[in-house]
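Working notes, beginning with the structure itself.
The values are calculated or read from the model by the stated rules, or taken from the named source; none is laboratory data. All figures in this text were calculated on a predicted structure; none of them were measured in a lab. FYI the Cβ positions are ideal-geometry reconstructions off the backbone, even for glycines, and counts take in every protein chain you see. The area values use the complete protein model at the heavy-atom level, side chains included, leaving out ligands, DNA and RNA. Shrake-Rupley method; radii C 1.70, N 1.55, O 1.52, S 1.80 Å.
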Amino acid sequence: MTITETRPEDASAPAPVAALLERQEPAQQDGLVGWMTTVDHKRIGRIFVVIPLLYLVGALVIGVLLGLERVDPEGAAILPLDKVAQLVSIYQLGLAFLVVIPLLLGIGIAIVPLQIGARGIAFPRAAALAAWSWVGGSALLIVAYCINGGPGGGRTNGVNLFLSAFVVVILSLCLAAVCLATTVMTMRTKGMAMSDVPMFAWASLVTSSLLLVTLPVLLADLVFLFVDNKHASVQFGGNAAMSAYIDWIVRQPQTYLFALPALGIVAEIIAVMAGQRPAHRQTTMAAIGLGGILGVGIVFQTALTPNVTTQPLFNAMAILAVLPPLIVLATSGVTLRAGKPKLASPLVWAVGALLMAVLGAGAGVLTGFKGLALQGTVYETAQFHAVLFAAVLGAFGALAYWGPKLWGRRLPEGPSGVLALLGLLAVSLVVIPDLIAGFLDQPAGEVNFDKYSSAVALNALTFAGLALLLVVVLAFGLVALRAFSRTGAIAGNDPWDGQTLEWATSSPPPLHNFTDDLVEVTSATPLLDRKEA
């Protein structure tokens, strides 16, 4: 008897009837046409995963170049100074909208329907449309920067293209968020209450719902800016002031929302690797929900209310924002202590992601205190890096953990574990020196500033961290490509001794996920219940 046992009435049917009742899996079309027309959520999720990983490499190349310029702060040696503002912009917006948000949404689209026992994703054609329109919009966004159209750019048509492409990117991500949130709310298997959904599915629901609250506000900003720039009314300050209306989207507390699914990933991995039911599960769910609420940054648009970041509300939210990752850290520690942890690479990635999330949220506590004068310095850049790169580490942990389910093969544990440790070291080198340099008043987004005695050493460490992170990302991509395509060990259906429903089907799963009906779910760990019965 398994968790996907056949219903008794089907099993007892005569052979001809049973054959008619048997579900036949339709063949998926291969090639580009098959991918363009797919409604399989696992394929759609892969589109949202693979393309952002390529963009991550590009973003890190830009980050390395900017970091190299900062090592010699008395003058730019490689990059033209008039291009620095746009490079900083594409780096920050790219990490958020071309890497972290679509990457975590993609993992959610691929995995969450399996976790909740659904046979697909809600509105599958809309999800496919979201994926391919995001690919097109992101490509146009990059083209806009290349023709001097990003924030700080001077080419009118390029600016219009930037604003239009950014609108397409946001609409695509909103559409994907609608599909993912609707799936969790309406397509859960029999008996699965909202309190029983796996932690990653819960984090994906919270994040998707609140993205639909915040991203439309940015969308409205972009529409106003487009009309203003198109008709040269300069009501909003023209292109020169464009950054002031969109920078809030890549600053705290908004960046916390983008990385929130990583906390769900961490909680999932740690419980399974500990071989233990999640400790204080409801507390962890509440912490993730609180993190979503505290990540709503639309009220802190400095272009509309310039002094908002010195108000008590900002300080209070900055202080409270450290609670969600701290609570997840505490409950995860209890879970690990109660079990017998397996030292597998997904656990190493997850612990690194959690530590960086705590550091990023903790660093944000100080930014609102006016006397410290940290706003506008590289301290804010460090906090941005800590939060976004924590999400990247969490996403790599998710690929190491769920990759065997999606591709049927496992990553080699040795290389993956070493890369996880190097990734944590790299992000630490990126973040910690900039936290120190922020207290020394080094400005953010600048490569040409007055030199001080510590600048060279601190900026050299940041550059080294970015370069090492680029190497880690490239190496992980190569290892994953080889392992998942042909060389990895066959994973089996349940390689990690999992607790939730995605491990109850084959690896890789069939088109409609489950070949038989699932039995009624009675707890948050249905597969573990079945194993212990």
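A cut-off of 5 Å between modelled amide H atoms, ignoring neighbours fewer than 5 places along the same chain, links residue 377 with 444. The separation of region 312-380 from region 79-120, counted between C-alpha centres, amounts to 20 Å. Residue-normalised convex hull volume from the C-alpha trace of region 272-351: 99 Å³ per residue. In the chain, helical runs assigned H by DSSP with n ≥ 4 each contribute -39500 (n - 2.57); averaged across all residues and rounded to the nearest 500, the mean residue ellipticity at 222 nm is -22000 deg cm²/dmol. The alpha-carbon atoms of region 375-480 define a convex hull whose volume equals 90 cubic angstrom per residue. The residue 485 and residue 516 beta-carbon pair, evaluated with R₀ = 30 Å, returns a calculated FRET efficiency of approximately 0.55. Working from the Cα coordinates of region 426-533, the gyration tensor eigenvalues give, after taking √(5λ), semi-axes of 49, 19, 11 Å in decreasing order.
Relative contact order for the chain: 20 percent, from Cα pairs under 8 Å spaced at least 6 residues apart, divided by residue count.
Note on region 128-251: with neighbouring protein chains present and a 1.4 Å probe, carbon and sulfur make up 68 percent of its accessible heavy-atom surface. Packing around the peptides 420-430, 389-399, 278-288, taken as the average count of other Cβ atoms within 10 Å per residue, puts them in this order, highest first: 389-399, 420-430, 278-288. The value of relative contact order for region 292-368, using C-alpha pairs under 8 Å at least six residues apart, is 45 percent.
Using only alpha carbons, the chain has a radius of gyration to Kirkwood radius ratio (Rg to Rh) of 0.98. Rounded to whole numbers, the Karplus 3J(HN,Hα) couplings from phi for region 87-102 are 5, 4, 5, 5, 5, 6, 5, x, 4, 7, 9, 10, 10, 5, 4, x Hz, using 6.51 cos²θ - 1.76 cosθ + 1.60 with θ = phi - 60°, and x at Gly and Pro. Taking 25 Å as the limit for the C-alpha separation, the pairs 405/531; 342/405; 83/370; 342/531; 190/340 exceed it in the case of 83/370; 190/340. Altogether, the Stokes-Einstein calculation at 4 °C and 1.567 mPa s, with the Kirkwood radius of region 453-500 over Cα pairs as Rh, returns a diffusion coefficient of 93 µm²/s. Amide H to amide H, with H built 1.01 Å from N, residue 409 comes under 5 Å of 491, counting only residues 5 or more places away or on other chains.
Rg and Dmax over the alpha-carbon atoms of region 302-454 stand at 18.3, 55 Å. Working note: Karplus 6.51/-1.76/1.60 with θ = phi - 60° gives region 59-68 the couplings 4, 5, 4, 4, x, 5, 5, 5, x, 5 Hz, where Gly and Pro are set to x.
Using the Karplus relation 6.51 cos²θ - 1.76 cosθ + 1.60 with θ = phi - 60°, the per-residue 3J(HN,Hα) values for region 399-408 come to 5, 5, 7, 9, x, x, 6, 6, 10, x Hz, with x marking Gly and Pro.
Projecting the Cα atoms of 215, 291, 371 onto the charge dipole of the chain, computed from C-beta unit charges around the Cα centre, puts 291 farthest toward the positive end.
Rolling a 1.4 Å probe over the heavy atoms of the protein chains gives the chain an accessible area of 39 Å² per residue.
For the pair residue 323 and residue 286, the difference between a 0.36 nm per residue extended length and the Cα-Cα distance amounts to 12.2 nm. Pairs of C-alpha atoms in region 141-297 farther apart than 28 Å represent 36 percent of all such pairs.
Distance distribution P(r), region 28-117, all Cα-Cα pairs, bin width 5 angstrom from 0: 3, 13, 17, 15, 14, 11, 8, 7, 6, 4, 2, 0 percent. For region 455-533, the relative contact order comes to 23 percent (Cα pairs under 8 Å, sequence separation of at least 6).
Quick one: P(r) of region 333-415 from all Cα-Cα pairs, 10 Å bins, percents rounded to integers, in order of increasing distance. Taking all Cα pairs of region 333-415, the binned fractions are 17, 34, 27, 15, 6, 0 percent. Using the average count of surrounding beta-carbon atoms within 10 Å as a protection proxy, the listed peptides 30-40, 476-486 rank, highest first, as 476-486, 30-40. The length gained by stretching the chain between residue 85 and residue 310 to full extension, at 0.36 nm per residue less their Cα-Cα distance, is 78.5 nm.
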